[in-house]
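The values are calculated or read from the model by the stated rules, or taken from the named source; none is laboratory data. Remember, it's a predicted structure, so these values are computed and weren't measured experimentally. Counting neighbours? That spans all protein chains shown, and the Cβs are built from the backbone with ideal geometry, glycine included. For the accessible areas, the whole protein counts, side chains as well, though only heavy atoms, and no ligand, DNA or RNA atoms are used. Shrake-Rupley method; radii C 1.70, N 1.55, O 1.52, S 1.80 Å.
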Amino acid sequence: MSTPLTSPRRRAVVLLSGGLDSATTLAIARDAGFDCYCLSLDYGQRHRIELDAAARVAKALGASEHRVLHVALGEFGGSALTDNAIAVPVDGVQPGIPVTYVPARNTIMLSLALAWAEVLESRDIFVGVNAVDYSGYPDCRPEYIAAFETMARLATRAGVEGETLSIHAPLIDLSKAEIIRRGSALGVDYGKTVSCYQADEWGRACGVCDSCRLRREGFSALGLSDPTPYVIGTQEA
């Protein structure tokens, strides 16, 4: 799917949400020798506090640049993350595609990353999608990433001129515990990240949404304490 990560100091665009997975992905890209240009999206998500976390992570991990683009996906609604009338599920991960799925979000994010990559003359995009410990999103699967990579090579000047464009998804086959282990070895401070789908204005997590449950289980599997602050009465800080 992707080319070997061996060329030093190439530019890469890294999609950075501010959560655990994207922070780990940035650390992996940096460790592979890339100059990292981080892109975050303010799409009207209820947990916009994650954007503050993205800024912290980008600075801590030495990103060359961090940009936040505004795309009002909330105008369409259709997701618990963009429509306050739809409750975030708190009863555990269930089969099927949950209401926290944001239609076309990853496609939009990757397309914007691809546009910036062309301007930067970058041939590498990193995204922290995961097909193991995830909530059933269709745009987190290996076949989706492979299809987008094929499209990118067909739809860009660089691709038409024979350049190899790669979409790197280094976490796609890892469990949450494996992701945390990898990131910890690379110096990621997970206390700077926000994973919760409904974190409050101080970044405190609810402890019961799918994202919180998966994160907590990952730390627990490693015998580690999750540095995320949780809302009092829901989960210990």
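Taking 12 Å as the cut-off, the amide N atoms of segment 207-225 that come nearer than this to a point 7 Å along the Cα-to-beta-carbon line of VAL90 belong to 207-210. Charged neighbours of LEU110, selected by a Cβ distance under 10 Å, balance to -1 (K, R count +1; D, E count -1).
Taking trypsin sites (Lys or Arg not before Pro) as exposed when DSSP calls them loop and at most 14 other C-beta atoms lie within 10 angstrom, the chain has its longest site-free stretch at 49-237. Enter the angle in degrees (range 0 to 90, nearest 10) between the Cα long axis of helix 105-120 and the first principal axis of the Cα atoms of the chain, meaning the one along which they spread out most. The angle comes out near 40 degrees. Only Cα pairs under 8 Å and 6+ residues apart enter the sum, and on that basis the relative contact order of the chain stands at 23 percent.
Excluding ligands, DNA and RNA, the accessible surface per residue across the chain is 45 Å² with a 1.4 Å probe.
Projecting the Cα atoms of GLY18, CYS36, VAL99 onto the charge dipole of the chain, computed from C-beta unit charges around the Cα centre, puts CYS36 farthest toward the positive end. Helix 210-221 and the longest principal axis of the C-alpha atoms of the chain enclose an angle of approximately 90°. For segment 3-158, carbon and sulfur atoms together expose 54% of the accessible surface, with a 1.4 angstrom probe and every protein chain in place.
Rounded to whole numbers, the Karplus 3J(HN,Hα) couplings from phi for segment 11-20 are 7, 9, 9, 10, 6, 10, 8, x, x, 4 Hz, using 6.51 cos²θ - 1.76 cosθ + 1.60 with θ = phi - 60°, and x at Gly and Pro. Each Lys and Arg adds +1 at its Cβ and each Asp and Glu adds -1 at its Cβ; summed about the Cα centre, the chain shows a dipole of about 380 debye. If the segment from THR107 to ARG9 were pulled out straight at 0.36 nm per residue, it would be longer than the present Cα-Cα gap by 32.6 nm.
Under the rule of -39500 (n - 2.57) per DSSP H run of 4 or more residues, summed and divided by the residues of the chain, what mean residue ellipticity at 222 nm is obtained, to the nearest 500 deg cm²/dmol?
Only helices count here, giving -10500 deg cm²/dmol.
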